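Below is one structure, written out as structure tokens; the observations come after it.
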Amino acid sequence: MEKKQPEKKAAPILVQMGIFAAILFVSALISSLFPKSFVVPTPLIGMIILYILLATHIVKLEQVEKFGDLMISLIAFMFVPSGVQLAGSLDLMKREGLQDIIVSVLATIIILVVIAYVGALVIKIHQKLTGRVDDDEETEKGAN
């Protein structure tokens, strides 16, 4: 027989909005403490705070999940002003569009390569600290 876990009830949407607002308020305070020469965006600090609160189980996922899903569903709508601004700058795009595309492609490739190497480094450090070996390495050792 399987034990059914009780279904977790989501918090009311206003409570979820309040949690996000409180996190954003605190992150705005923290962001203002950084020097003007080292700007840290408030939303970035807010995401880090939310992650810490979720990871430490101070805030439960069901307390913020509905509002988070709502915000994610609106993200495409948030890019409409940028698209309108881009359409208004078509003459600039005609002059410098190819340069922008080349820089964007190169930056994307560089970011992907750096992320791959950093990820591999983190995995190696984790394996050394924990003494664990990856499944692929175990199979290779077993085959030899």
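The values are calculated or read from the model by the stated rules, or taken from the named source; none is laboratory data. Quick caveat, the model's predicted, so the values are computed rather than measured. Every residue, glycine as well, gets a Cβ built from its backbone with ideal geometry; the counts of neighbours run over all protein chains shown.
Given the criteria out of contact with any helix residue (DSSP H, G or I) (no Cβ under 6 Å at 6 or more places or on another chain), modelled with pLDDT of 80 or more and surrounded by 11 or more Cβ atoms within 10 Å (Cβ to Cβ), does E96 qualify? Steps first, answer last, please.
Details: out of contact with any helix residue (DSSP H, G or I) (no Cβ under 6 Å at 6 or more places or on another chain): yes; modelled with pLDDT of 80 or more: yes; surrounded by 11 or more Cβ atoms within 10 Å (Cβ to Cβ): yes.
Spelling it out, E96 is indeed out of contact with any helix residue (DSSP H, G or I) (no Cβ under 6 Å at 6 or more places or on another chain), modelled with pLDDT of 80 or more and surrounded by 11 or more Cβ atoms within 10 Å (Cβ to Cβ).
Given the conditions (1) within 21 Å of the chain's Cα centre (by Cα); (2) over 30 Å from K9 (Cβ atoms), report the number of the one that K94 does not fulfil.
Of everything listed in (1) within 21 Å of the chain's Cα centre (by Cα); (2) over 30 Å from K9 (Cβ atoms), K94 misses just condition (1).
In the range 36-43, is there at least one residue being among the basic types (K, R), without any contact (Cβ under 8 Å) to a residue 60 or more places away in the chain and not in a helix (DSSP H, G or I)? Steps first, please.
From the range 36-43, those among the basic types (K, R) are 36; that's our starting set.
Adding the requirement that they be without any contact (Cβ under 8 Å) to a residue 60 or more places away in the chain leaves 36.
Checking which are not in a helix (DSSP H, G or I) leaves us with 36.
Looking for residues that are among the basic types (K, R), without any contact (Cβ under 8 Å) to a residue 60 or more places away in the chain and not in a helix (DSSP H, G or I), one finds at least one in the range 36-43, hence yes.
Write out, first by first residue and then by second, each pair whose Cβ atoms fall under 7 Å of each other, whose residues are 6+ apart or on separate chains, and whose first residue, in the range 52-74, is in a loop (DSSP other than H, G, I, E, B) and at pLDDT 90 or above while the second is surrounded by 11 or more Cβ atoms within 10 Å (Cβ to Cβ) and not small (G, A, S).
Matching pairs, first to second residue: V59/I19; V59/L53; V64/Q16; V64/I19; V64/F20.
How many residues are surrounded by 11 or more Cβ atoms within 10 Å (Cβ to Cβ) and either of a type in the set (A, V, I, L, M) or in a loop (DSSP other than H, G, I, E, B) (or both) when one looks only at the range 99-110? Please lay out each step first, then the result.
First, pick out the residues of the range 99-110 that are surrounded by 11 or more Cβ atoms within 10 Å (Cβ to Cβ): 100-101, 103.
Then keep just the ones that are either of a type in the set (A, V, I, L, M) or in a loop (DSSP other than H, G, I, E, B) (or both); that gives 101, 103.
Summing the residues that are surrounded by 11 or more Cβ atoms within 10 Å (Cβ to Cβ) and either of a type in the set (A, V, I, L, M) or in a loop (DSSP other than H, G, I, E, B) (or both) in the range 99-110 gives 2.
Would you say K66 is on the phi < 0 side of the Ramachandran plot and surrounded by 10 or more Cβ atoms within 10 Å (Cβ to Cβ)? Explain how you work it out, then say what you get.
Details: on the phi < 0 side of the Ramachandran plot: yes; surrounded by 10 or more Cβ atoms within 10 Å (Cβ to Cβ): yes.
Yes; evaluated as a whole, the condition is true for this residue.
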